[in-house]
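Participant: A single structure is presented below for examination.
The values are calculated or read from the model by the stated rules, or taken from the named source; none is laboratory data. If you're wondering where the values come from, they're calculated on a predicted model, not measured in any experiment. All Cβ positions, even for glycine, are placed from backbone atoms using ideal geometry, and neighbour counts span all protein chains on display.
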Amino acid sequence: MRGFGLAGFGLIVAYLLSGLWLAHVREKPVYERPALLVHPWFRTAYSACRGILFLTGWVLAVQEFPRVSLLVVLVLVGSWAWWRFLHGRPHRRRMVRRAFDREKARDPAAGDVQILRRIVHSMHPRWGNELIEQIAADNPTPERVADMVLRLERGALPSGFNPSRMLRR
């Protein structure tokens with residue numbers, strides 16, 4: 001019966017690896033991503049499969065190894081909380097503000113927009129220069145730059161933006 005418990009942990013590992021795979025694929029340029037990702041049903045099916053992997057893995061693991069499962073839960077919850085903290089708005093604002101202050105002290109002759117462009121470029125060197133310049137020009141403070149970068153990283157569109165309106169033209 002220990003095989004079922006180990007299989008449960010294997011399913012949990014498969015759940016985690018599938019999340020890493022999607023994060024890896026999303027970092028690629030759009031033209032290098034698999035065509036499967038553009039189908040509207042992909043996100044629903046992908047989330048359902050991951051949920052099944054996770055729940056089945058936990059049921060099997062808890063039945064055979066309850067103490068180890070509790071330890072794994074604590075590690076995963078702690079890792080998730082740390083990830084949420086690092087990708088949260090307050091931490092990102094502090095990070096950009098500190099980088100801005102350091103750059104301003106290092107190069108006092110540089111303008112704020114120029115420093116903000118350097119910071120955004122250091123965070124995301126693969127973003128185009130036009131996008132970086134637009135972000136720095138539209139958001140003159142480090143806090144607003146941090147918010148915009150965070151929204152772009154999360155894939156959130158600005159309020160009122162509807163891509164289907166653009167396609168109708």
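Participant: Please return the ranges of helices (runs of 4 or more DSSP H) entirely within the range 58-134 where 1 or more residues are of a type in the set (Gly, Ala, Ser) and surrounded by 13 or more Cβ atoms within 10 Å (Cβ to Cβ).
Facilitator: Ranges flagged: 66-86, 89-106.
Participant: Related question: Find the residue count for the range 33-50, including only residues that are part of a helix (DSSP H, G or I) and closer than 21 Å to Arg154 by Cβ.
Facilitator: Matching residues across the range 33-50 total 8.
Participant: Tell me, please, whether a residue that is in a loop (DSSP other than H, G, I, E, B), out of contact with any Leu (no Cβ under 9 Å at 6 or more places or on another chain), surrounded by fewer than 10 Cβ atoms within 10 Å (Cβ to Cβ) and not β-branched (Val, Ile, Thr) can be found in the range 5-26.
Facilitator: no
Participant: Which one of these is modelled with pLDDT under 95 and closer than 30 Å to Leu6 by Cα: Leu36, Leu86, Leu76, Leu131?
Facilitator: Going through Leu36, Leu86, Leu76, Leu131 in turn, the sole match is Leu76.
Participant: Of the conditions (1) outside the structural domain of Ile12 (by TED's automatic domain parsing); (2) in contact with a helix residue (DSSP H, G or I) (Cβ under 9 Å, 6 or more places away or on another chain); (3) not charged (D, E, K, R), Phe65 satisfies every one except a single condition; which number is it?
Facilitator: (1)
Participant: Something else now. Do we find that Gly78 is closer than 30 Å to Tyr15 by Cβ and either within 23 Å of the chain's Cα centre (by Cα) or of a type in the set (Phe, Trp, Tyr) (or both) in this structure?
Facilitator: When the stated conditions are applied, Gly78 passes them.
Participant: If you don't mind, there's one more thing I want to ask. Out of Gly78, Gly5, report the one residue that is touching a helix residue (DSSP H, G or I) at 6+ places or on another chain (Cβ under 9 Å) and of a type outside the set (Lys, Arg).
Facilitator: Being touching a helix residue (DSSP H, G or I) at 6+ places or on another chain (Cβ under 9 Å) and of a type outside the set (Lys, Arg) holds for just one of Gly78, Gly5, which is Gly5.
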